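The values are calculated or read from the model by the stated rules, or taken from the named source; none is laboratory data. None of these values were measured; they are calculated from a predicted model. When we count neighbours, we look across all protein chains shown, and the Cβ atoms used for this are built from the backbone with ideal geometry, even at glycine. Only protein heavy atoms, including side chains, enter the accessible area calculation; ligands, DNA and RNA are left aside. Shrake-Rupley method; radii C 1.70, N 1.55, O 1.52, S 1.80 Å.
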Amino acid sequence: MSAPTDSPHDHHDEHDTEHDGVEAIHVTLKGYMTGFGLAAILTFIPFFLVMSGAFAKSGPADALILLLAGIQIVVHMIYFLHMSTKSEGGWNMLAFVFTVVLVVITLSGSIWIMYHLNDNMMPWTMQNARNEP
Amino acid sequence: MSDMSTTMTADNGASQTLDFHASGDYHAPNGTLLGFWIYLMSDCLIFACLFATFGVLGREYAGGPTAAQVLELPIVALNTTLLLFSSITYGFAVLEMRANRQGLMMMWLAITGLLGAGFIGLELTEFAHLISIGAGPQRSAFLSSFFTLVGTHGLHVTCGLIWLVTLMVQVSKKGLIPANKRRLMCLSMFWHFLDLIWVGVFSFVYLMGVLP
């Protein structure tokens, strides 16, 4: 029982309050600093590009901002939240993948459907008429 | 499960081969961290709904002020910096917790709390300014969804701050006992998760919002 009890074969560790999985999470100074450095860079780039006025028009800019945000979220997951396929025997990852599926359906579905509704059902105004080609 | 099979073999007096249970299954040593993770994932779904709402309504200005007119990026940049620094200082606190250096850990927790309080202070100032210039949540669909999404995040950070102070009191009274370490790891996940949500907020709401 004195050995680290993150072994999946040890069935008695649930009664041991000393080793309740908290120590199983691997944290290092190097990991935190790497995550911080990457996050700082990935935050600085989009802020700099938008605030300096480098982007005249959305479109490609939106895609770049979203891409950088996506990368930064992964960085946070790995270095700050200590996610890996091994943590909690994979159940963390399972719950996460399920959540990502739901989030993608919610976001893309809502925006896609409402965009088309707007297109088809907005009342005809002079504003619309002026924007017609 | 293994206890049960041992009882059965003892009752029957049979050999160990009666143990037909799969023994390689993983048991979470303590379900708290996994359970807290699942809570965070459900929280993630709340934010996904609010992001979807903002995605749909974010450009419906109703003749009112546009995002580019009312959102001030320098303040957001400062806020983002505060929250990112509070993430790394919480990381330092976790490292000190591992090394069982309570004093240093409390110092880093206090710094984290101050950075978090700075974040909330700036956000409240921003909200107060918006409401004072007539760009409150009732002005347009854009502002309603903006206040709901950013406000919900701010409410989470506020709860995190209350939790942080509570834990600091608990640690100062009881020391770094295993229960407190577990709680500190839960708050660690919560705090980093809020920073992760903020990445979505500043990208999707602020940066993409002010673009023409």
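Assorted remarks:
- Volume per residue of the C-alpha convex hull in chain B, rounded to whole Å³: 164
- The HN-Hα couplings worked out from phi for segment A:62-72 by the Karplus form 6.51 cos²θ - 1.76 cosθ + 1.60 (θ = phi - 60°) are 4, 4, 5, 4, 5, 5, 4, 4, x, 4, 5 Hz, whole numbers, x standing for Gly and Pro.
- Sequence of B:90, A:115, B:39 when ordered by accessible area, the most exposed leading, probe 1.4 angstrom: A:115, B:39, B:90
- Relative contact order for chain B, counting Cα pairs under 8 Å that sit 6 or more residues apart, in percent: 28
- Note on residue B:173: lysines with a C-alpha under 29 Å away, same-chain residues under 8 apart excluded, are B:181.
- Relative to the longest principal axis of the Cα atoms of chain B, the long axis of helix B:141-174 makes an angle of roughly 50 degrees.
- Annotation: per residue accessible area for segment B:96-138 equals 49 Å², rounded to a whole number [probe 1.4 Å, protein chains only].
- Backbone geometry of segment A:97-110 corresponds, through the Karplus equation with coefficients 6.51, -1.76 and 1.60 at θ = phi - 60°, to 3J(HN,Hα) couplings of 4, 4, 5, 4, 4, 5, 5, 5, 4, 4, 5, 5, x, 4 Hz, x marking Gly and Pro.
- Relative contact order, whole percent, for segment A:26-82 stands at 61, derived from Cα pairs under 8 Å and 6 or more residues apart.
- Taking every DSSP helix (H) stretch of at least 4 residues in chain B, weighting each as -39,500 (n - 2.57) and dividing the sum by the residue count yields a mean residue ellipticity at 222 nm of -26000 deg cm²/dmol.
- Shown in residue order for segment B:71-83 are the 3J(HN,Hα) couplings computed by the Karplus curve 6.51 cos²θ - 1.76 cosθ + 1.60 at θ = phi - 60°: 8, 9, 5, x, 5, 5, 4, 5, 4, 4, 4, 4, 5 Hz (x for Gly and Pro).
- Label-to-label distance, residue B:62 versus residue A:56, with points set 7 angstrom from Cα along the beta-carbon direction: 3.4 nm.
- Heavy atoms of residue B:156: accessible area, 1.4 Å probe, square angstrom to 10: 30
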